[in-house]
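Enquirer: Got a structure for you, questions after.
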């Protein structure tokens with residue numbers, strides 16, 4: 001997009017919640033109330049390079065329980081309703097068998113987040129990462145779509161954790177220990193069930209003299225691990241915390 005290009009009037013936000021913002025959002029509530037319409041928009045918006053996708057692929061993801069004729073009819077209805085609510089140009093067709101959302105019609109925060117990560121604009125990326133990808137969204141019976149969602153969630157979470165840790169390391173290297181500790185703690189919250197990430201953060205907090213912060217972070221992590229997964233921290237993590245407590 002050139003510097004004088006007009007930005008898309010509509011934005012799809014999928015990090016930390018599901019929202020449609022901008023022009024034509026008078027129809028946003030209608031679209032957001034329909035799970036299959038949200039899934040269709042999300043899948044097309046995050047197609048690599050916004051490439052056209054085959055209708056057969058889409059119906060297999062979103063209507064696996066229907067035969068081909070009924071699944072295609074359901075897709076046509078979903079496309080019609082999205083266009084009616086958000087504008088005729090929101091979903092482009094190529095022939096009878098392919099659909100896409102072109103970059104000039106819709107922005108997506110996930111794309112902006114990934115682009116900022118790729119360009120090393122880590123603070124910008126983490127400002128965009130408002131939380132988990134499509135939190136709580138679920139389509140019953142759509143196993144392949146659920147796998148796609150989980151892949152997106154994992155990728156976004158891992159990239160957010162990596163960006164946070166890179167900032168923590170950078171600030172530690174500049175002896176900005178308060179900032180380093182803050183980003184180290186944020187890293188753990190992005191990867192709350194990864195004890196390797198936790199141990200790295202605890203070691204950094206120990207190095208910069210924030211042992212009270214390290215113990216508090218460990219206790220928060222351990223409580224969540226017990227509550228969500230009904231497991232205890234590993235012996236390696238427990239030994240590290242014992243060592244920190246002893247100092």
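The values are calculated or read from the model by the stated rules, or taken from the named source; none is laboratory data. Everything numeric here is computed off the predicted structure, so don't read it as measured data. Note: ideal-geometry Cβ built from the backbone for every residue, glycine included; neighbour counts use all protein chains shown.
Enquirer: May I ask you to say which residue of 71, 125, 116, 112 is touching a helix residue (DSSP H, G or I) at 6+ places or on another chain (Cβ under 8 Å), over 24 Å from residue 9 (Cα atoms), without any contact (Cβ under 8 Å) to a residue 40 or more places away in the chain and surrounded by 15 or more Cβ atoms within 10 Å (Cβ to Cβ)? Full working, then the answer.
Expert: Numbers: 125 fails: over 24 Å from residue 9 (Cα atoms); 116 fails: over 24 Å from residue 9 (Cα atoms); 112 fails: over 24 Å from residue 9 (Cα atoms).
Result: 71 is the single residue among 71, 125, 116, 112 that is touching a helix residue (DSSP H, G or I) at 6+ places or on another chain (Cβ under 8 Å), over 24 Å from residue 9 (Cα atoms), without any contact (Cβ under 8 Å) to a residue 40 or more places away in the chain and surrounded by 15 or more Cβ atoms within 10 Å (Cβ to Cβ).
Enquirer: Can I ask one more? Hey, which of the helices (runs of 4 or more DSSP H) in the stretch 147-247, taking only ones fully inside, have at least 2 residues that are within 28 Å of residue 136 (Cβ to Cβ) and in contact with a helix residue (DSSP H, G or I) (Cβ under 7 Å, 6 or more places away or on another chain)?
Expert: Values: elements: 177-190, 195-207, 211-229, 235-246.
Result: 177-190, 195-207, 211-229.
Enquirer: Report yes if residue 77 is under 24 Å from the mean Cα position of the chain (by Cα) and surrounded by fewer than 20 Cβ atoms within 10 Å (Cβ to Cβ), otherwise no.
Expert: Details: under 24 Å from the mean Cα position of the chain (by Cα): no; surrounded by fewer than 20 Cβ atoms within 10 Å (Cβ to Cβ): yes.
Answer is no for this residue.
Enquirer: For the stretch 143-160, indicate whether the set of residues that are at pLDDT 95 or above, surrounded by 16 or more Cβ atoms within 10 Å (Cβ to Cβ) and within 25 Å of residue 246 (Cα to Cα) is non-empty.
Expert: no
Enquirer: Residue 74: at pLDDT 95 or above, assigned by TED's automatic domain parsing to the domain that holds residue 20 and in a helix (DSSP H, G or I), yes or no?
Expert: Numbers: at pLDDT 95 or above: yes; assigned by TED's automatic domain parsing to the domain that holds residue 20: yes; in a helix (DSSP H, G or I): yes.
So residue 74 fits the description; yes.
Enquirer: So the check is Cβ under 6 Å with 6+ separation or different chains; which pairs have a first residue in the stretch 223-237 that's in the same structural domain as residue 198 (by TED's automatic domain parsing) and farther than 14 Å from residue 196 by Cα and a second one that's at pLDDT below 95 and surrounded by 11 or more Cβ atoms within 10 Å (Cβ to Cβ)?
Expert: Short answer, once both residue conditions are applied: 224/192; 231/225.
Enquirer: Being farther than 26 Å from residue 154 by Cα, surrounded by fewer than 17 Cβ atoms within 10 Å (Cβ to Cβ) and touching a strand residue (DSSP E or B) at 6+ places or on another chain (Cβ under 6 Å) is the filter; apply it to the stretch 1-22 and report the residue that is modelled with the highest pLDDT.
Expert: 22
Enquirer: Can I ask one more? Working carefully through the options 243, 170, 178, 238, find the one that is modelled with pLDDT of 95 or more, farther than 29 Å from residue 133 by Cβ, surrounded by fewer than 17 Cβ atoms within 10 Å (Cβ to Cβ) and within 28 Å of the chain's Cα centre (by Cα).
Expert: Numbers: 243 fails: within 28 Å of the chain's Cα centre (by Cα); 170 fails: farther than 29 Å from residue 133 by Cβ; 238 fails: within 28 Å of the chain's Cα centre (by Cα).
178 is the lone residue from the list that is modelled with pLDDT of 95 or more, farther than 29 Å from residue 133 by Cβ, surrounded by fewer than 17 Cβ atoms within 10 Å (Cβ to Cβ) and within 28 Å of the chain's Cα centre (by Cα).
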